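Take a look at the structure set out below.
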Amino acid sequence: MDILRINLATKECVRQSLCSSEAIIGGRALTSKMLVEEIPAGCDPLGPVNKLIFANGALAAAGVSSAGRLSVGGKSPLTGGAKEANAGGTAADSLAKLGLRALVLEDKAPKGESYIIVLNDEGCFFHSAEEYKGMGNFQLAEALFGKYGKENSLITVGPAGEQGLYAAGIAVTDMYGRPSRMAARGGLGAVMGTKGVKAIVISKKGSYRYPNLKSEEFMSARKKFNAQVANSERVQVLKKYGTASTVMAVQNLGALPTNNFSAGQFEHAEKISGEALYELIQARGGEGRNWEPCMAGCLVQCSNVVPDASGKELVAPLEYETICLLGSNLGIGDLDEIGKLNWLCNDLGVDTIEIGGALGVMAEAGLANFGSYADFESILQEMYRGTLQGRLAGMGAALCGTILGIERVPAVKKQAMSAYDPRGVKGTGITYATTPMGADHTAGLTVFFPVDHHDKTGQVEISRKMQIQRAAYDAMGLCAFLTSATGQTPQVIIDLVNTLYGIDFTVEQWNSLALETIKREIEFNRAAGLGKDTDRIPEYFKREKLPPFDLLWDLEDEELEAVFGC
């Protein structure tokens, strides 16, 4: 496997081979390693010194269920620190078929220029993106497939990335050509857009194959792994109801973000639940689908296609975080309205969590009314035009709060919280505070542990455990939803790696790699000026009781510092 470095200023492409000891280091482990070793912590995130790193995992394109996540890393313009965001879709596998573990964008295109970068077995090619400037992701994908063919994976940015908005994410096409799998968090879409890259077109027909891909040992290990995933009880729930299955569980905990995190239960929660979404898709039929894979070989198939009233596709997929941040957090209890806002965010190329957080702050400031779809839709439309109000929303919740003078800003390290109020799910609150990534549930979600989530007892240990586990899965390019099937039996994953690469990797080494990755990111953050004071939940969570259970954030600074001992 190789690393391909592309200098955007000179258009030079250099391919570097990884040594055998580095062959299995990928995903978040690789993006964070390169971040610390190659990017000055004090650099301007939107300047030429920052790099944008795309890395797949050790099992990409190996026919392993849910092993095709693509990690994107660099210095975050939103948090000012280390960032890795990952996405499903087809790009990770396509890079692997070209023999690439990582793609690195360096420097910036000359002022006024933007590129489409094309990768295939013949090499790396630059084409002008002039005709595609300002296009939303869906129009862009259609145009690029028309020009280059559908046997390609696309990595794109929408208007938000081109404008350098801090809520901008990076879109990856799914198996059906939709640019709706988002490496959403941290503003990395702004890095890609301001570097002058509108899209990367990657051939799906690369000729690279792992030497042991057809070995009896690997195929046996893969069969065992896939069977374990398919038979998981949690996977079956995800396949039927998707991630929206979590809505009522968090509602019952009193931790569902409602009206800018001012309450923990939403009066219309049942209308936007996983069960309601399932019934809506079933009733409307047409192009709707309750389950769908986002990448080849996925057995979890937690995605969905939501049809409109006429049966035509409205949005795909509609996920738990989006349902809450663009739904209950904005006082919207209608799945069609949430779906429309979701589609606009995908087309603009923005993180639905960050935008939902920002819109909630704007509503609290009186720039929109909670429950008004029209108000929020109007603000998103302004983002296409690059108006002041549109840019305000697109710069994220923390900046919105600062400019508008709002104290209740649900963010850590300037990144908006995802759909678990930390007063009601305290382990995830600890993750928000202590992960180098900002308020990111994917760094260590604790809500499925069978504990009292209102009680802080034991939550530090749970958060630490989940943060290490999530970092381990991210380092392998594995979907986090595999943890329910394989989290208690990690050897089944290690067997895949060992038989594919002919090595003797251990569970202990895997966990050490994960912990080392987190500590590297903390090291980068400290060097970038993010001290211990940034590893905190906002103070108002300690003062404002969360209805209906009157919950407060009650963890002390010393308890948070104990998570990683720094």
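The values are calculated or read from the model by the stated rules, or taken from the named source; none is laboratory data. The structure presented is a predicted model; accordingly, all values stated were derived computationally and were not measured. With ideal geometry, Cβ positions are generated from the backbone for all residues, glycine too; neighbour counts draw on all protein chains shown. The accessibility values were calculated without ligands, DNA or RNA, using every heavy atom of the protein model including side chains. Shrake-Rupley method; radii C 1.70, N 1.55, O 1.52, S 1.80 Å.
Among the candidates Leu326, Leu299, single out the residue that is touching a Cys at 6+ places or on another chain (Cβ under 8 Å) and either within 24 Å of Gly63 (Cα to Cα) or buried (at least 24 other Cβ atoms within 10 Å of the Cβ) (or both).
Going through Leu326, Leu299 in turn, just one is touching a Cys at 6+ places or on another chain (Cβ under 8 Å) and either within 24 Å of Gly63 (Cα to Cα) or buried (at least 24 other Cβ atoms within 10 Å of the Cβ) (or both): Leu326.
Taking the criterion of being basic (Lys, Arg) and part of a loop (DSSP other than H, G, I, E, B), would at least one residue in segment 231-243 satisfy it?
Within segment 231-243 (the criterion being basic (Lys, Arg) and part of a loop (DSSP other than H, G, I, E, B)), the answer is no, since none of the residues qualifies.
When you check Ala283 against the structure, is it part of a helix (DSSP H, G or I) and of a type outside the set (Phe, Trp, Tyr), yes or no?
Yes; evaluated as a whole, the condition is true for this residue.
Given the conditions (1) open to solvent by 10 Å² or more (accessible area, probe 1.4 Å); (2) under 18 Å from Leu4 (Cα atoms); (3) in contact with a helix residue (DSSP H, G or I) (Cβ under 8 Å, 6 or more places away or on another chain), and given that Phe125 satisfies all but one, which numbered condition is not satisfied?
Among (1) open to solvent by 10 Å² or more (accessible area, probe 1.4 Å); (2) under 18 Å from Leu4 (Cα atoms); (3) in contact with a helix residue (DSSP H, G or I) (Cβ under 8 Å, 6 or more places away or on another chain), Phe125 violates only (3).
Taking Ser76 as the residue in question, decide whether it is under 19 Å from Glu162 (Cα atoms), buried (at least 18 other Cβ atoms within 10 Å of the Cβ), in contact (Cβ under 8 Å) with a residue 40 or more places away in the chain and among the polar types (S, T, N, Q).
So Ser76 fits the description; yes.
Can you tell me which residue among Val305, Val300 is within 17 Å of Ala480 (Cα to Cα) and touching a Pro at 6+ places or on another chain (Cβ under 8 Å)?
That would be Val300, the only listed residue that is within 17 Å of Ala480 (Cα to Cα) and touching a Pro at 6+ places or on another chain (Cβ under 8 Å).
Name the residue that is farthest from Cys43 (Cα to Cα), counting only residues in segment 99-111 that are of a type in the set (A, V, I, L, M) and open to solvent by less than 10 Å² (accessible area, probe 1.4 Å).
In this case the residue turns out to be Leu100.
In segment 499-514, what residues are in contact with a helix residue (DSSP H, G or I) (Cβ under 8 Å, 6 or more places away or on another chain) and either open to solvent by 10 Å² or more (accessible area, probe 1.4 Å) or closer than 19 Å to Glu561 by Cα (or both)?
Thr499, Ile503, Asp504, Phe505, Thr506, Val507, Asn511, Leu513, Ala514
Looking at (1) open to solvent by 30 Å² or more (accessible area, probe 1.4 Å); (2) not hydrophobic (A, V, I, L, M, F, W, C); (3) not in a loop (DSSP other than H, G, I, E, B), find the lone condition where Pro450 falls short.
Pro450 satisfies all of (1) open to solvent by 30 Å² or more (accessible area, probe 1.4 Å); (2) not hydrophobic (A, V, I, L, M, F, W, C); (3) not in a loop (DSSP other than H, G, I, E, B) except (3).
Please give the number of the condition Leu140 fails out of (1) in contact with a helix residue (DSSP H, G or I) (Cβ under 7 Å, 6 or more places away or on another chain); (2) outside any strand (DSSP E or B); (3) open to solvent by 10 Å² or more (accessible area, probe 1.4 Å).
So the condition that Leu140 fails would be (3).
Taking helices (runs of 4 or more DSSP H) that fall entirely within segment 331-443, which contain at least 2 residues that are open to solvent by 10 Å² or more (accessible area, probe 1.4 Å) and polar (S, T, N, Q)?
373-385
Anything in segment 14-53 that is in a strand (DSSP E or B), over 20 Å from Ile503 (Cβ atoms) and open to solvent by 50 Å² or more (accessible area, probe 1.4 Å)? List them, or say none.
Answer for segment 14-53, where residues must be in a strand (DSSP E or B), over 20 Å from Ile503 (Cβ atoms) and open to solvent by 50 Å² or more (accessible area, probe 1.4 Å): Val14, Arg15, Gln16.
Out of the residues in segment 474-488 that are without any contact (Cβ under 8 Å) to a residue 24 or more places away in the chain and touching a helix residue (DSSP H, G or I) at 6+ places or on another chain (Cβ under 9 Å), state the one that is surrounded by the most Cβ atoms within 10 Å (Cβ to Cβ).
My answer is Thr483.
I'd like to know if segment 308-321 contains one or more residues that are in a loop (DSSP other than H, G, I, E, B) and touching a Cys at 6+ places or on another chain (Cβ under 9 Å).
Yes: segment 308-321 contains one or more residues that are in a loop (DSSP other than H, G, I, E, B) and touching a Cys at 6+ places or on another chain (Cβ under 9 Å).
So how many residues does segment 162-204 have that are open to solvent by 10 Å² or more (accessible area, probe 1.4 Å), assigned to a strand (DSSP E or B), under 26 Å from Lys83 (Cα atoms) and not charged (D, E, K, R)?
The total comes to 1.
In segment 540-565, how many are part of a helix (DSSP H, G or I) and either on the phi > 0 side of the Ramachandran plot or among the aromatic types (Phe, Trp, Tyr) (or both)?
Qualifying residue count, segment 540-565: 2.
Considering only residues that are free of Cβ contacts under 8 Å to residues at least 40 places away in the same chain, within 23 Å of Gly333 (Cβ to Cβ) and of a type outside the set (Val, Ile, Thr), which ones fall in segment 378-426?
Correct list: Ser378, Leu380, Gln381.
Considering each residue of segment 54-69, count those that are within 14 Å of Leu95 (Cα to Cα), assigned to a loop (DSSP other than H, G, I, E, B) and open to solvent by less than 10 Å² (accessible area, probe 1.4 Å), and give that number.
Qualifying residue count for the region: 8.
Based on what the data block shows, is Ser207 in a loop (DSSP other than H, G, I, E, B), surrounded by fewer than 22 Cβ atoms within 10 Å (Cβ to Cβ) and in contact (Cβ under 8 Å) with a residue 40 or more places away in the chain?
Yes; evaluated as a whole, the condition is true for this residue.
What number of residues within segment 515-539 satisfy the criterion of being open to solvent by less than 20 Å² (accessible area, probe 1.4 Å), in a helix (DSSP H, G or I) and either closer than 18 Å to Thr428 by Cβ or among the small types (Gly, Ala, Ser) (or both)?
The total comes to 1.
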